[in-house]
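A short write-up of the structure that comes next.
The values are calculated or read from the model by the stated rules, or taken from the named source; none is laboratory data. Everything numeric here is computed off the predicted structure, so don't read it as measured data. As a convention, Cβ positions derive from the backbone with ideal geometry for all residues, glycine included, and neighbour counts pool all protein chains shown. All accessible areas refer to the heavy atoms of the entire protein, side chains included, with ligands and DNA or RNA removed. Shrake-Rupley method; radii C 1.70, N 1.55, O 1.52, S 1.80 Å.
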Amino acid sequence: MPPALKALAIDFAPPHSHSLMSTTSQPVAPWRAGIQGARANLVPGLVLQAFALALVLGYYFVPSVTEALARWTVWRDRLGVSYSMASTALFGAIIPWIYLRFVPATRHRYNVKQGFGLALFWAYKGWEMHWLYTGLAHFVGYDNSISTIAQKVVLDQFVYAPLLAAPGMWLGYQWVETHFNIRQVWAQFRSRGWFYEKLLPIMIANIGIWLPTVAIIYALPLPLQLPLENLVLCFFTLMLAHLSQQRATA
């Protein structure tokens, strides 16, 4: 699961330490920056989890929701990894970018070229998460027992996230935000204290929101896990964009 708070890259309560430092006279410790980011996004995170839980409960207990989601799985099964890439690019980048362009407070966040770069990046993330979910199902299990869900959550949040998802997300968004200046991104990556100052705050802020959310996602059958992740990611992105607009106009 990608670290959503950094992935959204919206100016509303960002967890990355350099943004928090820029608004205070004293540097903020990375662990404190992460906690501040988690606290600032507590309410949106709870709404996100409620949204995901409602979809899962609807799938198991509301026939109309079950039927609608079952139709969705047909496309996922038919297209395979191509569906995962296109869907994740749409929900993770294209829809949020269009919304941000129409909101005055965030209109200049990303230009068209950057929007295209985000779409390419999220298409790759869709490919990555497709194999994450498929691999976990193959090696851990396809059922939705508490034991299976717990094992998947641990591997997702404490192995995949710190080793691959968080560093990849940071690199991808720095690449876009520096207007594709690979040398500048590489220089930051090689800087002393990169993990402690740049990555650790993202990971701390991320845990409180995505740890419960991935548990909800893994309660669904494999074909619906990525579609639900795409929906909640897009929903959370748009919600934070709306809150960002409210704060800017207050």
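Worth a mention:
- Residues satisfying the stated conditions in the stretch 95-115, i.e. at pLDDT 90 or above and open to solvent by 70 Å² or more (accessible area, probe 1.4 Å): 98, 112, 113
- Flag for residue 141 being of a type in the set (Gly, Ala, Ser) and either open to solvent by 50 Å² or more (accessible area, probe 1.4 Å) or under 21 Å from residue 238 (Cα atoms) (or both): no
- Within the stretch 148-204, the set of residues being among the hydrophobic types (A, V, I, L, M, F, W, C), surrounded by 19 or more Cβ atoms within 10 Å (Cβ to Cβ) and in contact (Cβ under 8 Å) with a residue 60 or more places away in the chain comprises 149, 153, 161, 165, 166, 169, 170, 176, 200, 202, 203, 204.
- Enumeration of residues in the stretch 36-54 that are open to solvent by 60 Å² or more (accessible area, probe 1.4 Å) and modelled with pLDDT under 65: 36
- Inter-residue pairs, beta-carbon under 6 Å, first in contact (Cβ under 8 Å) with a residue 60 or more places away in the chain and in the stretch 104-116, second open to solvent by 60 Å² or more (accessible area, probe 1.4 Å), 6+ apart: 105/248
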